[in-house]
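Trainee: Below: one structure in structure tokens.
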Amino acid sequence: MTTPMAHHVTLSGRDVRYFDAGEGRPLVLLHGFPLSADMWRPQLEAAPPGWRLIAPDLRGFGGTTRDVATPAGRVDAPATAIDDYAGDVLQLLDALELERAVIGGLSMGGYVAFGLVRRAPDRVEALVLADTRSEADTEEARANRMAMLEAIERNGPRAVADTMLPRLLGATTQATRPELAGEMRRLIEANRPAGLADAVRCMMSRPDSTPLLASLACPALVVAGREDVLTPVAVHEQMCARLRRATLAVIERAGHLSNLEQPQAFGEALARFLAAL
Ligand code: MLT
């Protein structure tokens, strides 16, 4: 097992941090909200043979700045639409001279993966959609996002951790691995309030990606934690029914963070899918 090294690159004046582990065909892993690329450590530490795993911090998360260097100094350049994050990923692929990659995303990372399909379908070799959904926010979800924006304004990342942690982890993990909640809290609280708020706004205005599903020609692995209360298994079954070439993997004893809660089962499903590409 090798601990992944963080790499840094400057893209259009923005400092971008990403992990790069293993060698071979590229798989890009996009993190969920309100975390960072560190959530992919179990997968990065066990990259399947023949695969290179690249996991960037999205704009304003972890070690990737939301501001950019200009001749006049650093200026804010926040993401204002979910597809802005997808544009950043394409820029990273260009910098790494990668024409095509398998694109994987968990939850918000999945929303960004759909953005990549919208912007550059030819560069997506296959998709891994974990604990995510294709639909846009409902009115109720938007109202919850407004409340979260107010909570971030008042209490910063701690408020996001307090609200989300009980729903990110499944019941089994909460009962048997309480230390994982502490680790997730550290990742969440390491994020800056402005980056979190940008992402909340981008998620609440994201388009419905459901019409994309039937047009997708590439293979897709759809992964669902059995105990995921944010994006339940049924949501993933519906996505699979609309996709032309989908494989569903339900991860037992895992909630929304299926890759962290059951890394072995997640890794096996991922390795099986990649081996068949
Ligand atoms: C995530 O894990 O990225 C979030 O649950 C996504 C969301 O809030 O819609």
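Trainee: Working carefully through the options VAL75, VAL68, find the one that is without any contact (Cβ under 8 Å) to a residue 12 or more places away in the chain and in contact with a strand residue (DSSP E or B) (Cβ under 7 Å, 6 or more places away or on another chain).
Mentor: On the way: VAL68 fails: without any contact (Cβ under 8 Å) to a residue 12 or more places away in the chain.
Residue meeting the stated conditions: VAL75.
Trainee: Among the residues of region 126-146, is any within 21 Å of LEU35 (Cα to Cα) and in contact with a His (Cβ under 6 Å, 6 or more places away or on another chain)?
Mentor: yes
Trainee: In this structure, is VAL75 surrounded by 22 or more Cβ atoms within 10 Å (Cβ to Cβ) and more than 15 Å from the chain's Cα centre (by Cα)?
Mentor: On the way: surrounded by 22 or more Cβ atoms within 10 Å (Cβ to Cβ): no; more than 15 Å from the chain's Cα centre (by Cα): yes.
No, not satisfied.
Trainee: Would you say VAL112 is away from the ligand (no atom under 14 Å from the Cβ), modelled with pLDDT of 95 or more and not basic (Lys, Arg)? Don't jump to the end; show me each part of the working.
Mentor: On the way: away from the ligand (no atom under 14 Å from the Cβ): no; modelled with pLDDT of 95 or more: yes; not basic (Lys, Arg): yes.
So VAL112 does not fit the description; no.
Trainee: For region 128-140, which residues satisfy the criterion of being more than 11 Å from the ligand (Cβ to nearest atom), surrounded by fewer than 24 Cβ atoms within 10 Å (Cβ to Cβ) and in contact (Cβ under 8 Å) with a residue 60 or more places away in the chain?
Mentor: Of everything in region 128-140, just one residue is more than 11 Å from the ligand (Cβ to nearest atom), surrounded by fewer than 24 Cβ atoms within 10 Å (Cβ to Cβ) and in contact (Cβ under 8 Å) with a residue 60 or more places away in the chain, namely SER134.
Trainee: Here's something else I'd like to know. Out of region 97-128, which residues are part of a loop (DSSP other than H, G, I, E, B) and touching a strand residue (DSSP E or B) at 6+ places or on another chain (Cβ under 7 Å)? Break it down into steps so the answer makes sense when it comes.
Mentor: Of the residues in region 97-128, the ones part of a loop (DSSP other than H, G, I, E, B) are 97-100, 107, 120.
Hits for region 97-128 are LEU98, ARG100.
Trainee: What is the residue count in region 12-36 for residues that are more than 19 Å from the chain's Cα centre (by Cα) and among the small types (Gly, Ala, Ser)?
Mentor: 4
Residues checked against (1) touching a helix residue (DSSP H, G or I) at 6+ places or on another chain (Cβ under 8 Å); (2) of a type in the set (Lys, Arg); (3) within 23 Å of PRO42 (Cβ to Cβ):
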residue: GLY182; (1), (2), (3): no, no, yes
residue: ARG185; (1), (2), (3): yes, yes, yes
residue: GLU189; (1), (2), (3): yes, no, yes
residue: ALA194; (1), (2), (3): no, no, no
residue: SER205; (1), (2), (3): yes, no, no
residue: ALA217; (1), (2), (3): no, no, no
residue: GLU227; (1), (2), (3): yes, no, yes
residue: VAL233; (1), (2), (3): no, no, yes
residue: HIS236; (1), (2), (3): no, no, yes
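Trainee: Starting from region 228-249, take each residue that is of a type in the set (Gly, Ala, Ser) and list its partners that are within 15 Å of the ligand (Cβ to nearest atom), counting only C-beta distances under 6 angstrom and pairs at least six apart or across chains.
Mentor: ALA249/VAL223
Trainee: Return only the number of the condition from (1) outside any loop (DSSP other than H, G, I, E, B); (2) under 29 Å from ALA101 (Cβ atoms) that ARG206 does not satisfy.
Mentor: (1)
Trainee: Separate question: Which of the residues spanning region 157-173 are within 12 Å of the ligand (Cβ to nearest atom) and not hydroxyl-bearing (Ser, Thr, Tyr)?
Mentor: Within region 157-173, VAL160, MET164, LEU165, ARG167, LEU168, LEU169 meet the criteria.
Trainee: Here is a further query. Would you mind stating whether ALA217 is within 23 Å of PHE33 (Cβ to Cβ) and among the aliphatic types (A, V, I, L, M)? Steps first, answer last, please.
Mentor: Numbers: within 23 Å of PHE33 (Cβ to Cβ): no; among the aliphatic types (A, V, I, L, M): yes.
Against the criterion (within 23 Å of PHE33 (Cβ to Cβ) and among the aliphatic types (A, V, I, L, M)), ALA217 does not qualify.
Trainee: Counting only residues that are assigned to a loop (DSSP other than H, G, I, E, B) and crowded, with 16+ Cβ neighbours inside 10 Å, which one in region 219-252 is nearest to the ligand (Cβ to nearest atom)? Spell out how you get there, then give the answer.
Mentor: Here is the first cut: in region 219-252, the ones assigned to a loop (DSSP other than H, G, I, E, B) are 219, 226-232, 243-245, 252.
Going one step further and asking which of them are crowded, with 16+ Cβ neighbours inside 10 Å, we end up with 219, 226-228, 230-232, 243.
Values: PRO219: 23, ARG226: 16, GLU227: 14, ASP228: 10, LEU230: 5, THR231: 7, PRO232: 12, LEU243: 20 Å.
If we take residues in region 219-252 being assigned to a loop (DSSP other than H, G, I, E, B) and crowded, with 16+ Cβ neighbours inside 10 Å, then LEU230 is nearest to the ligand (Cβ to nearest atom).
Trainee: Also, I was wondering about something else. Mind listing just one residue for me: the one in region 160-218 that is free of Cβ contacts under 8 Å to residues at least 60 places away in the same chain and under 30 Å from VAL117 (Cα atoms) and, of those, surrounded by the most Cβ atoms within 10 Å (Cβ to Cβ)?
Mentor: ALA197
The values are calculated or read from the model by the stated rules, or taken from the named source; none is laboratory data. For clarity, every value in this text was computed on a predicted model and none was experimentally measured. As a convention, Cβ positions derive from the backbone with ideal geometry for all residues, glycine included, and neighbour counts pool all protein chains shown.
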